[in-house]
Amino acid sequence: MSQAPESSAEFVAVRAAAQRAAAAAPGVRAAGGPAVDAALRTAAGLLREKAPELLAANAADVESATANGMAGGLLDRLRITPERLSDMATQLEVLADTPEPPTERFVRDLPSGERVFERSIPVGVIGAVFEARPNVTIDVASQVLKARSAAVLRTGSAALGSATALVELVIAPALAAHGIPTDAVQLVPLPGHAGAEALVGLPDLVPLVVVRGSGEVTRKLSTLGAAAGTRVLAHADGGGVLYLDSSADDALVERLVHDSTDRLGVCNRLNLLLIDSPVYDRLLPVAEKVLRDRGITLSLPPHEHALGHEWALDSGNEAHVTVAPVDGAVEAALTAARETSGLAACVAATDETVARTFIDAYTGTGVFWNAPTRLLDGYKLLGLPETGINVDHTPGPRGPVTYPDLALRQFVILPPA
């Protein structure tokens, strides 16, 4: 597995963008919180003011993607509607109004009298590789700026026109209006995977990269980044799990199945439906009716695919949900953790003992009782946009990654008081 050649156009473009971001990073840190927050509020206003131009740029992307045969679920992620644009603006204002956690905390006094403090300091430059989903351009850029760092963004080629419009018409003018270097947010201008591979291969310029997208590509980028010495926060796989326990009633099943499938091209949607064996024949028709009413096909046993196959990433087949029987809450929780990425799982039960048993047995990133896995989202859970959802099984930020996670830990030793 090799990095993009340093002589390639993509590598040259990414390095140049990273160098510009690195030069701008001290200006972001020096500007301070009030200036960054003011820039975010200005950006929110520009999203509303420039809506006609932004929607036109996005319509051109959608038209081109449609002509190229992009599947419906991916088109849904690509499309910006006036409502989604309004939501993007609102989220920027919420982020700007969010009080920041203390950047320094006292740890202890050493036996010799010196005082130990722990501080959070900016990374400098943070990269992001993400799918053809224009709102992520705003989500990631705003989170990185709030963390006092500069950003280098690389989006899917289908969304490049929309992302360019967002950077040029919204982000750059907002930064300039408040004395923050406009080079602080860079967008890689060339499509292709070589640009993403280049971005994870520049640890001296971009030490941290958030990677989102399809599992295979994201895992490759994670491996390349590790080999280069870049810290990668990877959102490689998703797929929500719903377990229907014997104690679940029909109304609860209907609600959870319905609320878990409002969008099919997202990682936290219902992907694998597990049903307690004693009530399989009773509850399957209940869930099946809801799914068929939504135009979703059930993949029933025996399966010709992996149990946790992520339908959201299966272009053209997004409208599927895999179904399987299990013997109780513990087997359901273990199956959910073993067969999927461990993104999120829900237990549908009226029996609290069963629910607690499932929660205690499940080791994934998010676990829910009678609430859909669609809630595993930075804005829904934490009231903040996210850069992605990290499902690593190792210490570090896990779940929705927001700006407090995008910092370095520094220890400060001061003389005795």
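The values are calculated or read from the model by the stated rules, or taken from the named source; none is laboratory data. The structure displayed is predicted, hence computed values, not measured ones. Every residue, glycine as well, gets a Cβ built from its backbone with ideal geometry; the counts of neighbours run over all protein chains shown. Protein only, heavy atoms only, side chains kept; ligands, DNA and RNA dropped before computing areas. Shrake-Rupley method; radii C 1.70, N 1.55, O 1.52, S 1.80 Å.
A few remarks follow.
Quick grid of which residues meet (1) modelled with pLDDT under 95; (2) surrounded by 18 or more Cβ atoms within 10 Å (Cβ to Cβ); (3) within 20 Å of the chain's Cα centre (by Cα); (4) among the charged types (D, E, K, R):
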residue: A60; (1), (2), (3), (4): no, no, no, no
residue: L92; (1), (2), (3), (4): no, yes, yes, no
residue: D97; (1), (2), (3), (4): no, no, no, yes
residue: V116; (1), (2), (3), (4): no, no, no, no
residue: R133; (1), (2), (3), (4): yes, yes, yes, yes
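- Failed item in (1) among the hydrophobic types (A, V, I, L, M, F, W, C); (2) touching a residue at least 40 places away in the same chain (Cβ under 8 Å); (3) open to solvent by less than 70 Å² (accessible area, probe 1.4 Å), with I359 passing the rest: (2)
- The set of residues in region 169-189 that are open to solvent by 60 Å² or more (accessible area, probe 1.4 Å) and within 23 Å of the chain's Cα centre (by Cα) contains only P189.
- Unmet criterion (only one of (1) without any contact (Cβ under 8 Å) to a residue 40 or more places away in the chain; (2) open to solvent by less than 50 Å² (accessible area, probe 1.4 Å); (3) of a type outside the set (A, V, I, L, M, F, W, C)) for T353: (2)
- Residue check, P285 free of Cβ contacts under 8 Å to residues at least 24 places away in the same chain and part of a loop (DSSP other than H, G, I, E, B): no
- Look at region 1-28: where a residue is modelled with pLDDT of 95 or more and a partner is of a type in the set (S, T, Y), sitting 6+ places away or on another chain with Cβ atoms under 8 Å, you get A24/T182; A25/S149; V28/S149.
- Verdict on A198 being of a type outside the set (D, E), assigned to a helix (DSSP H, G or I) and either open to solvent by less than 10 Å² (accessible area, probe 1.4 Å) or within 25 Å of T402 (Cβ to Cβ) (or both): yes
- Residue satisfying all of: in region 223-268; under 22 Å from the mean Cα position of the chain (by Cα) and basic (K, R); nearest to T357 (Cα to Cα) among these: R263
- Selected residue [assigned to a helix (DSSP H, G or I) and either farther than 17 Å from L406 by Cα or in contact with a Leu (Cβ under 8 Å, 6 or more places away or on another chain) (or both)] from V253, V232, V241, V209: V253
- Sole residue being at pLDDT below 95 and acidic (D, E), chosen from D360, D314, D327, D351: D314
- With respect to the conditions (1) open to solvent by less than 60 Å² (accessible area, probe 1.4 Å); (2) under 13 Å from the mean Cα position of the chain (by Cα), R398 lacks only one, and its number is (1).
- Filter pass, I138 being assigned to a strand (DSSP E or B), out of contact with any Lys or Arg (no Cβ under 8 Å at 6 or more places or on another chain) and either open to solvent by 40 Å² or more (accessible area, probe 1.4 Å) or of a type in the set (A, V, I, L, M) (or both): no
- For region 61-74, filtered to residues that are in a helix (DSSP H, G or I) and in contact (Cβ under 8 Å) with a residue 24 or more places away in the chain, the residue that is farthest from T402 (Cα to Cα) is S64.
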